[in-house]
Amino acid sequence: MLTQYDKIGKVKPLLAVAMAVSLTAGLTACGGNNEPSQQSNGAASPSASNAATESASPVEQAKLTVVGNGWDDASMEKSEADAKEAGIEVSDYNYLARKKVEADYPNYEVDWQNWGWAEQLDQKQRAAFISGSYPDIVHGETFMTTYAREGILEPLPQDIVDMVNPNFLVTNADGVPVAVSPKGNVFLLFYNKDLLKDAGIDPETVKLDTWADWQAASDQVTAAGNGKVFGGGIPSHPHLGGAFRVYPFLNALGGSWGGGDEVTLNTPEMAQTLEFVRAMDKNFPKGIGNGTDEGALYNMFEKDKTIAFVVNGTWQAAGAKNNNINYGVVQLPKADNGQSGNVLVGFDYYGVPAKSTNKEAAFNVIRDLVAKDVQIEFAIGTVTPPANKEALAEASVIDSNPILKSAIDAMSSGEIPALPVYDQNDSQIWDVINTKVIAATTMTSKSVEDILKIGQSEAEKYLKQ
Amino acid sequence: MKKLGRWLALAVLLLGAVVMIYPFLFSLLAGMTRRQEFQNLGEMLPLPKDPTFQAYRSIFTTGLIRPFFNTLLRSLWYAFVISGFSVMMGYVLSRLRFKGRTFFLYFIICANMIPGVLTLIPTYIEMARIPFLGGNDWTGFGGSGLINHPAILYVLLSPASAVWIFLFRQTMDSLPRDYEEAAYMDGSTFMNTIVRIIVPIQRPIIATIFLNMAIVTWNDFMTPFIYINNLKYTTLPGYVGTLVAALQQVGDRDYPQIFALSTISVLPPVLIFLFLQRYIVQGFANAGIKG
Amino acid sequence: MNTESRSFWRRHRDALIAYSIIGPFALWFLLTIGIPLVAGILLAFFKWNGMPVMPEWVGLRNFSFFFNSNEYLSSIWKQLFIGGLCLIFNMLISFGLASLFNIPIRGKGLLRTAYYLPNIAAVSATVAVVVALLIPHGGGLNGLLTKLGLEPIIWSYSAGWMIFWVVVFYVWRNTGPLAIIWLAGLQSIDPTLYEAAKVDGANRLQLLRYVTLPGLRGIAAFNFIREIIGVMQMYDIVMLMTSGGPNGSTDVLMYRIYRDGLKSYNFGMAGASSVILGLLTVLITLVYLRLFLKEEK
């Protein structure tokens, strides 16, 4: 036992040889290919692929790997089973799109993939890009913007761009649309009328125009709730779920996170926003507004009926309706300056990597994803604004639900920002913002000033590395 | 007094054993709850009021059988290959005299001590850029290499496997040469001797290596977690890993599904352990004493 | 000619057989461990995001960034601290268990099975139980606390509690096998030594100090080294249980390496951090062996 270790020294010469061998091996592996391939395919051939799709007929053969949300075999079965149990039709856009593609292009051999969501999805798609195995369709939320900037995505054919509302597009560094989301959303403020009534607030006349109005109402519910019922505030989850909820309020004050080669955390707007977030967090039970599991919060609103206010997208309406909540909904309250803010949320952008070998077929799948019939069925079934212009204007969609109407109104009321991306170490910087700035605001009692100072310097360091 | 001490020891051990078993029980039961029910349960033991086997059933209907067989095949592969290498190399290092023998011995001991951190990232890059495989050209670009490739489950080598070679050598050292010498006298070839003489004599230690490798491989969720993102090519623990990692991120959670999957994925190794633990535990203890 | 080659074969028979067996393994080792080992060290001196462009040589910049960033430095500390706690508790508890197992009790075999079982299950398949128990509202532990009339604890707010649970899980999973090794060691001590010491009038404590511990020296070294290597690269539990939270307080260096490398594709920083952590591990092992060998003399 002992002698094995005290003779380690003997191994040295051979180790040196091994190092030399693998050194050369490593160098040749690295130096093999130094062609900057990413830049060259920026605006490769939109017209060419366009022409090809026009001539494409349904009998065309193609083999595709497409990554999406609910269109893998397991999710398809689950959707069907769930819908059957609830006695409704499946209205998931991935589900509907796959059915349509299977009907429209019977000769496509499609590998329907589902790689999860958020960080996990980004990580897996990134791994696929880096390893060079590009799926024919990739999708996702914020990181699709990053892919677009890096020139990974092929420009969309003009006919797809023309089909949809521009708010549902992602553009690359040259401003060319490269990805489209079949759905999109903004945040609204939902409230449980019964809980307001219990707290002595008349839900029909309650004033929720400003931050102060909302705070007063929420405080009153929490006070009357006696530790059982809570008013609810602004979530500050230690992942993007928090950043999304905080951004509308920051946006109302005219603040931003920065983006590109700049990060702006230590600003008066940010401080004021976080102070408000911290004040409102008192209206959550501890650990709910800033837990990793967002589900717990919405569960309390929908199922337990113990939280009165939630900031959420229109999808909350479906949940509230399914659970028989007597709910109301308003646009987000305005800041003291009279401005309201919002953020583009709930998008699920689909794009085709420039390196895909089946671009025409892949765009055909995306065409079906934003096709009018699929979009109408989806919009009405899930109370979500669709991307398709004709579906957005369709009376049956707008009239199906007042919430859908107010979301569509909010979206068309001006330019709404999306979460920005940073040029370098984007995921670490968001890590800092999510965990050490936003979540730290509500989880610790450190002064907001200190939190922002530390967060700013750390994020800057990553950006400048 | 002595008797009291024994009872006390038994009580402590029993209490500990309950803690050890508890998570398995939790997992089994939680797999039978309904999603909504589990969210609000607040019980240490998630006893379902109205047990459902939906989560367990869905494992068998939604294509999770493939990962199951991937895990099985992978475990068998490493169990066979590593026990094969351990027997052959252990024998050679114990019995044959040749140049570099001492070096290899130290090499094997040191290999066991290489911190895996040093190879995690570069191995990933190497596997992605490996020439001629997975669509790569000779420079290692153009394709995906072995990322997301079913073969990745079978090509990597863990430095820790070296411990088994060392262990087998130690067992060989303590075995008298008489048996093999007699065989060699009778004209038996090298391979013949190993297969006919050594393997039967050393059956217990080979079982130890085989079973331990199989279980360690079954439980290695990191390799599929890092390298594979296709349900078809992943392993059960790898898939469970992705689901559990998602618990820390934005999105929906289906706890009963996760627990049902966990339960199914620990079942095979646990069953093997219950029936063959003699070999598994023995070898482990030996590794300590002889190492 | 024929006889010549035959005699060559005879003369070098052993070596040829040995090389033909060791060769394939050595090659496998070289390809999957040797090359990455060296490539990883090279990586530390480059800036590269994995795209097919030439990596950019940056010299020691990755290292200087490492040593000038509180975040990285504190990550080393967290790795050492959390790893150290895991190691110490695992060692103590498993040794205690082994001593209990060394007492003749009925049903020991069954109990031993129970203690070994956690190690038979994958980390990914068991860690979710802890995650579920720690849910602040509706989780098992807080349900229990409420029932006992206590205040529920928001586990995710407190670095101390999350570290506690990481350590608990680590010990839960690893203590059984370690106890088995200790036990084998305890049983390999010559019983006549105890008898002799007892004749000399040694009490229980003295028996432990002068007979048991010296007899376990080799085993202890084996266990320590195994554990040091294990905890210095432990990140799977942290990743699945806390993802570095709350507010980065369990963000061990190994988890950061994983994120730098496979999430941000900042291969240079991942390489530099790996080299530092790897060297530190080897250093700690060597220092331990040094102290240990010195005492031996």
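The values are calculated or read from the model by the stated rules, or taken from the named source; none is laboratory data. Just so we're clear, the structure is a prediction, and the values are computed from it rather than from any experiment. In this analysis, Cβ positions are derived from the backbone assuming ideal geometry, glycine residues included, and neighbour counts consider all displayed protein chains. Each accessible area value is taken on the protein alone, full model and side chains, heavy atoms only, with ligands, DNA and RNA left out. Shrake-Rupley method; radii C 1.70, N 1.55, O 1.52, S 1.80 Å.
Across region B:1-55, the number of residues qualifying as open to solvent by 40 Å² or more (accessible area, probe 1.4 Å) and not in a helix (DSSP H, G or I) comes to 11.
Out of the residues in region C:118-138 meeting the condition of being assigned to a helix (DSSP H, G or I) and touching a Gly at 6+ places or on another chain (Cβ under 7 Å), tell me which one is nearest to the other protein chains (Cβ to nearest Cβ). Lay out the reasoning, then the answer.
First, pick out the residues of region C:118-138 that are assigned to a helix (DSSP H, G or I): C:118-120, C:123-133.
From the residues that got through so far, the ones that are touching a Gly at 6+ places or on another chain (Cβ under 7 Å) too are C:118-119, C:124, C:132-133.
On the way: C:PRO118: 6, C:ASN119: 9, C:SER124: 4, C:ALA132: 6, C:LEU133: 8 Å.
Selected residue: C:SER124.
For region C:126-150, the set of residues classified as of a type in the set (S, T, N, Q) and buried (at least 19 other Cβ atoms within 10 Å of the Cβ) consists of C:THR126, C:ASN142, listed by residue number. Residues in region A:204-220 that are aromatic (Phe, Trp, Tyr) and within 13 Å of A:VAL310 (Cα to Cα): A:TRP214 alone. Checking each residue in region B:227-286 for being assigned to a helix (DSSP H, G or I), free of Cβ contacts under 8 Å to residues at least 12 places away in the same chain, over 16 Å from C:ALA125 (Cβ atoms) and more than 8 Å from chain C (Cβ to nearest Cβ) picks out B:PHE275, B:ARG278.
Count, please, the residues in region A:171-189 that happen to be touching a helix residue (DSSP H, G or I) at 6+ places or on another chain (Cβ under 9 Å) and either of a type in the set (Phe, Trp, Tyr) or open to solvent by 10 Å² or more (accessible area, probe 1.4 Å) (or both). Quick ask: steps written out before the conclusion?
Step one: list which residues in region A:171-189 are touching a helix residue (DSSP H, G or I) at 6+ places or on another chain (Cβ under 9 Å), which gives A:171-173, A:176-189.
Keeping just the survivors that are either of a type in the set (Phe, Trp, Tyr) or open to solvent by 10 Å² or more (accessible area, probe 1.4 Å) (or both) gives A:171-173, A:176-177, A:183, A:187.
Of the residues in that region, 7 qualify.
Tally the residues that are among the hydroxyl-bearing types (Ser, Thr, Tyr) and open to solvent by 20 Å² or more (accessible area, probe 1.4 Å), restricting the search to region C:255-297.
We begin by selecting, within region C:255-297, every residue among the hydroxyl-bearing types (Ser, Thr, Tyr); these are C:255, C:258, C:264-265, C:273-274, C:281, C:285, C:288.
Subset that is open to solvent by 20 Å² or more (accessible area, probe 1.4 Å): C:264, C:288.
Result for region C:255-297: 2.
Matching residues to (1) more than 8 Å from chain A (Cβ to nearest Cβ); (2) out of contact with any Ser or Thr (no Cβ under 8 Å at 6 or more places or on another chain); (3) modelled with pLDDT under 80:
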| position | (1), (2), (3) |
| --- | --- |
| B:VAL87 | yes, yes, no |
| B:PHE104 | yes, yes, no |
| B:PHE107 | no, yes, no |
| B:ILE121 | yes, no, no |
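The single condition among (1) part of a loop (DSSP other than H, G, I, E, B); (2) closer than 15 Å to A:GLN456 by Cβ that A:GLY232 does not satisfy is (2).
Scanning region B:123-139 turns up no residue that is over 28 Å from A:LYS124 (Cβ atoms) and more than 16 Å from the chain's Cα centre (by Cα).
Selection over region A:85-110 of residues that are outside any helix (DSSP H, G or I) and open to solvent by less than 40 Å² (accessible area, probe 1.4 Å) gives a count of 5.
Are any residues in region B:141-188 outside any loop (DSSP other than H, G, I, E, B) and of a type in the set (Gly, Ala, Ser), and if so, which ones? So that I can check it myself, show each step before the final result.
So in region B:141-188, the residues outside any loop (DSSP other than H, G, I, E, B) come out as B:152-155, B:159-173, B:178-185.
B:ALA160, B:SER161, B:ALA162, B:ALA182, B:ALA183 - these are the residues of region B:141-188 that are outside any loop (DSSP other than H, G, I, E, B) and of a type in the set (Gly, Ala, Ser).
So which of A:ASP72, A:ASP122, A:ASP82, A:ASP136 is surrounded by fewer than 22 Cβ atoms within 10 Å (Cβ to Cβ), out of contact with any Asp or Glu (no Cβ under 6 Å at 6 or more places or on another chain) and not hydroxyl-bearing (Ser, Thr, Tyr)?
On the way: A:ASP72 fails: surrounded by fewer than 22 Cβ atoms within 10 Å (Cβ to Cβ); A:ASP122 fails: surrounded by fewer than 22 Cβ atoms within 10 Å (Cβ to Cβ); A:ASP136 fails: surrounded by fewer than 22 Cβ atoms within 10 Å (Cβ to Cβ).
Going through A:ASP72, A:ASP122, A:ASP82, A:ASP136 in turn, the sole match is A:ASP82.
Scanning region A:125-156 for residues that are touching a residue at least 40 places away in the same chain (Cβ under 8 Å) and either within 18 Å of B:GLY238 (Cβ to Cβ) or facing chain B (nearest Cβ under 8 Å) (or both) yields A:GLN125, A:GLY132.
Can you pull out the residues in region C:175-201 that are within 29 Å of B:VAL281 (Cβ to Cβ) and open to solvent by 50 Å² or more (accessible area, probe 1.4 Å)? Spell out how you get there, then give the answer.
Residues of region C:175-201 that are within 29 Å of B:VAL281 (Cβ to Cβ), as a first pass: C:175-195.
Of everything in region C:175-201, those that are within 29 Å of B:VAL281 (Cβ to Cβ) and open to solvent by 50 Å² or more (accessible area, probe 1.4 Å) turn out to be C:GLN187, C:SER188, C:ASP190, C:PRO191, C:THR192, C:LEU193, C:TYR194, C:GLU195.
Rundown of residues vs (1) small (Gly, Ala, Ser); (2) touching a Pro at 6+ places or on another chain (Cβ under 8 Å), yes/no style:
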{"site": "A:ALA179", "(1), (2)": "yes, no"}
{"site": "A:PRO182", "(1), (2)": "no, yes"}
{"site": "A:PHE190", "(1), (2)": "no, no"}
{"site": "A:LYS207", "(1), (2)": "no, no"}
{"site": "A:ALA224", "(1), (2)": "yes, no"}
{"site": "A:PHE230", "(1), (2)": "no, yes"}
{"site": "A:HIS239", "(1), (2)": "no, no"}
{"site": "A:GLY260", "(1), (2)": "yes, yes"}
{"site": "A:MET270", "(1), (2)": "no, no"}
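Within region C:43-69, being among the hydrophobic types (A, V, I, L, M, F, W, C), facing chain A (nearest Cβ under 10 Å) and crowded, with 21+ Cβ neighbours inside 10 Å holds for one residue alone: C:LEU43.
Residue selection: C:ILE33 fails the criterion of being over 24 Å from C:LEU262 (Cα atoms), part of a helix (DSSP H, G or I), within 14 Å of chain A (Cβ to nearest Cβ) and not small (Gly, Ala, Ser). Among the criteria (1) touching a helix residue (DSSP H, G or I) at 6+ places or on another chain (Cβ under 6 Å); (2) surrounded by fewer than 15 Cβ atoms within 10 Å (Cβ to Cβ); (3) of a type in the set (Ser, Thr, Tyr), the one B:THR193 does not fulfil is (2).
Can you tell me which residues in region C:225-250 are open to solvent by less than 10 Å² (accessible area, probe 1.4 Å) and of a type in the set (D, E, K, R)? Of everything in region C:225-250, just one residue is open to solvent by less than 10 Å² (accessible area, probe 1.4 Å) and of a type in the set (D, E, K, R), namely C:GLU227.
All conditions in (1) of a type outside the set (Phe, Trp, Tyr); (2) touching a residue at least 12 places away in the same chain (Cβ under 8 Å); (3) within 7 Å of chain B (Cβ to nearest Cβ) hold for C:LEU144, with the sole exception of (2).
Within region C:202-224, if we keep just the residues that are within 9 Å of another protein chain (Cβ to nearest Cβ) and open to solvent by 10 Å² or more (accessible area, probe 1.4 Å), the residue that is nearest to A:ASN290 (Cα to Cα) turns out to be C:PHE222.
Restricting to region A:338-354, name every residue that is polar (S, T, N, Q) and surrounded by fewer than 22 Cβ atoms within 10 Å (Cβ to Cβ). Full working, then the answer.
Of the residues in region A:338-354, the ones polar (S, T, N, Q) are A:339-340, A:342.
A:GLN339, A:SER340 - these are the residues of region A:338-354 that are polar (S, T, N, Q) and surrounded by fewer than 22 Cβ atoms within 10 Å (Cβ to Cβ).
Residues that are over 15 Å from C:ILE41 (Cα atoms) and not aromatic (Phe, Trp, Tyr) within region C:57-75 comprise C:SER64, C:ASN68, C:SER69, C:ASN70, C:GLU71, C:LEU73, C:SER74, C:SER75, listed in sequence order.
Yes/no per residue for (1) under 28 Å from A:LEU250 (Cα atoms); (2) not in a loop (DSSP other than H, G, I, E, B):
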{"residue": "A:GLN120", "(1), (2)": "yes, yes"}
{"residue": "A:ILE130", "(1), (2)": "no, yes"}
{"residue": "A:TYR134", "(1), (2)": "no, no"}
{"residue": "A:THR146", "(1), (2)": "yes, yes"}
{"residue": "A:GLY151", "(1), (2)": "no, no"}
{"residue": "A:ASP162", "(1), (2)": "no, yes"}
{"residue": "A:ASP194", "(1), (2)": "no, yes"}
{"residue": "A:LYS197", "(1), (2)": "no, yes"}
{"residue": "A:VAL206", "(1), (2)": "yes, no"}
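Per this entry, A:SER400 is not counted among residues that are free of Cβ contacts under 8 Å to residues at least 60 places away in the same chain, within 11 Å of chain C (Cβ to nearest Cβ) and farther than 30 Å from C:TYR258 by Cα.
Could you check, for region A:99-111, whether at least one of its residues is out of contact with any Leu (no Cβ under 6 Å at 6 or more places or on another chain) and within 13 Å of chain B (Cβ to nearest Cβ)? Checking region A:99-111: at least one residue is out of contact with any Leu (no Cβ under 6 Å at 6 or more places or on another chain) and within 13 Å of chain B (Cβ to nearest Cβ). Being of a type in the set (Val, Ile, Thr) and more than 10 Å from chain C (Cβ to nearest Cβ) is true of A:ILE433.
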